[in-house]
Amino acid sequence: MAGSKLTIKLTDEQQEQIKKATGKAVTELNIDLAATGSLRDEELEKVAGGVWKFIE
């Protein structure tokens, strides 16, 4: 599947937060979209850190 890889470059602040929490230096996140499953709305809310609402 073409274009199934997603790379998110982290800001300096995000990198520092991860370093403080884990002790590891992370500069970017690489996600293989083909290997991920679907999230339920409730799960997406938790991951996104906010409330998701579908408006018709």
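The ALA35 and GLN14 beta-carbon pair, evaluated with R₀ = 30 Å, returns a calculated FRET efficiency of approximately 0.85. In this structure the amide hydrogen of LEU10, modeled in the peptide plane, comes within under 5 Å of the amide hydrogens of GLU28, LEU29, none closer than 5 places in sequence on its chain. Each residue of segment 12-20 is assigned a 3J(HN,Hα), and the resulting list reads 4, 5, 5, 4, 5, 4, 5, 4, 5 Hz, derived from the Karplus form 6.51 cos²θ - 1.76 cosθ + 1.60 (θ = phi - 60°), x at Gly and Pro. Extension gain, GLU28 to GLU42: 0.36 nm times the residue separation minus the Cα-Cα distance gives 2.5 nm.
Taken together, the values in this text are just the output of simple stated rules run on the coordinates, not laboratory data. Please read all numbers here as calculations on a predicted model, not as lab measurements. Cβ sites come from the backbone with ideal geometry, for glycine too, and all protein chains shown count toward neighbours.
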